[in-house]
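Just so you know, all these numbers are worked out from the coordinates, no wet-lab data involved. Remember, it's a predicted structure, so these values are computed and weren't measured experimentally. Here the Cβ positions follow ideal geometry from the backbone for every residue, glycine too, while neighbour counts run over all protein chains shown.
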Amino acid sequence: MQAFTYSNPATVADAAKAAAAGAKLIAGGQSLLPSMKLGLAAPEALADLGAIAELKGITVGGGVVKIGAMATHASVAANAEVAKAIPALAELAGNIGDRQVRNRGTIGGSLANNDPAACYPAAALGLGATIHTNTRSIAADDFFKGLYETALKEDEVITAVSFPVPEKAGWQKFKQPASRFSIVGVFVSKGPQGVRVAVTGAAACVFRAKDLEAKLAANWAGAALKGATVSADGFNTDLHGSAEYRAALVPVLTQRAVG
């Protein structure tokens with residue numbers, strides 16, 4: 001690992017200034033630090049968001065669950081109000097990685113990193129969330145752009161994520177047993193944003209399965225997906241499964257998530 005400078009900004013404004021000057025923002029560090037150790041990332045400067053208290057809160061009210069960007073996966077999973085308002089979101093958070101990852105990793109860091117097999121992007125897209133930054137609010141539909149790519153600008157800092165409380169929601173993950181990342185993960189919801197089906201792990205970036213959404217909009221029931229298929233075009237093939245295998249998993253997991 002090469003040498004780098006380290007700063008600990010006390011405010012979001014200070015963090016944005018550091019990012020604008022070229023520093024890499026670090027939240028939980030569960031993706032960035034391993035990448036640095038492997039030589040896959042070599043930032044010259046790091047700005048740690050851990051001291052910014054305003055980024056850590058969780059509030060539930062007015063039909064919205066709002067989670068601060070530095071809230072850990074463990075804190076989301078353990079929050080009784082989140083579990084009551086959106087049980088599937090608490091379940092998702094409680095099954096990310098292992099205990100260390102859940103106690104260090106953060107929702108803002110996960111969304112900003114946009115790993116193609118991460119869980120939180122599916123929740124954000126599947127619930128029609130809004131990602132708030134220090135300068136604007138971005139709909140989840142506009143946030144995820146591609147492989148490790150988001151709509152964030154270099155000097156933007158995610159401050160919070162707002163999830164509209166759905167009528168119904170579900171989450172299913174077919175995980176890689178060692179890493180616990182999703183070989184395929186599916187988050188479904190029916191609520192203020194309509195019917196949404198978000199898929200992670202299958203392609204280079206989280207995406208919505210519009211054909212499955214249409215079937216569930218007509219009939220919110222697992223039976224509505226009987227015989228449904230999705231195209232494997234653009235899906236991942238690796239040692240964990242072929243594109244066709246992943247495509248076959250999507251409707252199966254969607255059906256299970258609906259219940």
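Of note:
- Shown in residue order for region 65-79 are the 3J(HN,Hα) couplings computed by the Karplus curve 6.51 cos²θ - 1.76 cosθ + 1.60 at θ = phi - 60°: 9, 10, 10, x, 4, 9, 5, 6, 4, 5, 5, 5, 4, 8, 7 Hz (x for Gly and Pro).
- Spacing of the modelled spin labels on residue 78 and residue 37, each 7 Å from Cα toward Cβ, amounts to 2.4 nm.
- For residue 64, the residues whose amide H sits under 5 Å from its own are 165, ignoring neighbours fewer than 5 places away on the same chain, with H placed 1.01 Å from N.
- Rg/Rg_ref, region 1-94, where Rg_ref = 2.2 N^0.38 Å and atoms are Cα: 1.28
- Gain upon complete extension [residue 2, residue 238; 0.36 nm per residue less C-alpha separation]: 81.9 nm
- Residue list for region 8-31, given a label point 7 angstrom along the Cα-to-Cβ vector of residue 53 and an amide N cut-off under 15 Å: 10-12
- Dipole of the chain, positive end: most advanced residue of 147, 253, 11 [Cβ charges, Cα centre]: 253
- Kirkwood estimate for the chain, i.e. one over the average of 1/r between Cα atoms, Å: 18.5
- Evaluated on region 123-237, the Kirkwood hydrodynamic radius is 15.2 Å, with distances taken between all distinct Cα atoms.
- From phi via Karplus (6.51, -1.76, 1.60), per-residue ³J(HN,Hα) for region 199-208 in Hz, x at Gly/Pro: 10, 10, x, 8, 9, 6, 7, 4, 8, 9
- Sequence-distant residues sharing a close amide H with residue 132 (under 5 Å, placed H): 138, 159, 160, 161, 162
- Take the Cα of residue 14, step 7 Å toward its Cβ, do the same at residue 45, and the gap between the two points is 1.4 nm.
- Largest GNM mean-square fluctuation among 179, 242, 110, using the chain with Cα springs under 10 Å: 179.
- A dipole drawn for the chain from +1 and -1 charges on Cβ atoms has a positive end, and of 108, 193, 86 the residue lying farthest that way is 86.
- Under the Karplus curve 6.51 cos²θ - 1.76 cosθ + 1.60, θ = phi - 60°, whole-Hz ³J(HN,Hα) for region 52-62, x wherever Gly or Pro sits: 8, 4, 5, 8, 10, x, 10, 10, 10, x, x
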